[in-house]
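Read the structure below first, then the notes.
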Amino acid sequence: MNRITRVAAACALAAATIPAAMSSAWAQAWPARPVNLIVPFPAGGTTDVLARALGQELSKSLGQPVVVENRPGAGATLGADHVAKAKPDGYTLLMGAVHHTIATSVYRRLGYDFQKDLAPITVVAVVPNVLVVNPQVPAKTVQELLAQARAQPGKLAYGSNGAGTGQHLIGAQFESMGGVELLHVPYKGSGPLTTDLLGGQIAMSFDTVTPVLPHIKAGKLRALAVTTARRSVALPDVPTLDEAGLKGFDMGTWFGVLAPAATPREVLARLGADMNRIIESPQFRRKMEEIGAEPIGGSPEQMARQIREDTDRFARLVKDAKVALD
């Protein structure tokens, strides 16, 4: 190698090394200001409750405030779009959920690619969904509810957290497997949905356990079944839909944190390590038990696999249910 070649090689090496060194130094200085955790639903729902529980502990770990910001709308896709297009500096994160794997198939035009534009960090928790009815509904069991729905096609209204969300698709699957026709009423989140459910404006919902649990315990709502294969720890006396006669019914809701795809690896690794320590802590696990959630944790690779598998699974269900939105 002659002198000119050696100089060129040294320059190329320096050019490659300097940005990496700068990135590493920048990551070591992170975080220098508050971190925003975007919740794509209004306050009061499961996504919001989980985000605030995680954010409270994460702020202690990072030494900076974690600000929960609600950006609801369009079946949780507005918040996801905001984070996907945010500066990838570790200061904007998304509390994502299974809803986003469904939206990929439901919405014909999305401004982001959930698998390419967002980097998974960890799944925080899984929360069972539960079929609940307003006490004015005479049905005391799933079979009685199905009989009522068959006698009144398209009359019984169920609410969801928005078109294309998990609750919407669970409702569509319930219709398909139960051989009934229901009226779907989309909301922006669990808060307004639960208000109307309690007031009798809608008859039923398939929401996650968290927002309806206090009302079930108070007798203001009647739980007929959970939608997962296993019973909920928070509602051990409530059967599964499988046990109630809809064999093979198994759909729940997971929640996890993601960042813009180009966020530095060191920052993602720090966030993942801190979050997993929090999720494993007795204090956080007690909080999850109180709201009917099962803490999960895990690696970015595990979350990415969950996203891929659910995206494929729900694409088939969306096609069968003929759910599509602009």
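The values are calculated or read from the model by the stated rules, or taken from the named source; none is laboratory data. The shown structure was predicted, so the numbers you read here are calculated from the model rather than taken from an experiment. As a convention, Cβ positions derive from the backbone with ideal geometry for all residues, glycine included, and neighbour counts pool all protein chains shown. The protein model used for the area step is the full one, side chains on, heavy atoms only, and it has no ligands, DNA or RNA in it. Shrake-Rupley method; radii C 1.70, N 1.55, O 1.52, S 1.80 Å.
Key figures for this structure:
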item	result
Partners for LYS85 among lysines (Cα-Cα distance below 19 Å; same-chain residues under 8 apart left out)	LYS116
Average accessible surface area per residue within the chain, 1.4 Å rolling probe, Å²	44 Å²
Candidate lysines - alpha carbon under 16 Å from LYS220, same-chain residues fewer than 8 apart omitted	LYS140
Kirkwood-Stokes translational diffusion coefficient of the stretch 135-183, alpha-carbon pairs, 10 °C, 1.306 mPa s, µm²/s	142 µm²/s
Derived scalar couplings ³J(HN,Hα) [the stretch 129-146; Karplus, 6.51 cos²θ - 1.76 cosθ + 1.60; whole Hz; x for Gly, Pro]	8, 9, 7, 10, 10, 5, x, 5, 6, x, 5, 9, 9, 5, 5, 5, 5, 4
Loop trypsin sites (Lys or Arg not before Pro), the stretch 240-326 (other Cβ atoms within 10 Å of the site Cβ: 11 or fewer; DSSP)	LYS247, LYS322
The stretch 54-182 - convex hull of alpha carbons, volume per residue in Å³	144 Å³
Highest-MSF residue in the chain out of GLN173, GLN152, GLN115 [GNM, Cα springs under 10 Å]	GLN152
Too-long pairs where the Cα-Cα distance tops 20 Å, listed order kept, from LYS60/LYS287; LYS155/LYS217; LYS217/LYS287	LYS155/LYS217
Accessible surface of the stretch 175-326, 1.4 Å probe, proportion on carbon and sulfur as whole %	50 percent
Low-density loop cleavage sites - trypsin sites (Lys or Arg not before Pro) in the stretch 71-147, where at most 10 other Cβ are within 10 Å (DSSP)	ARG108, ARG109, LYS116
Per principal axis, descending, Cα span of the chain in whole Å	89, 40, 29
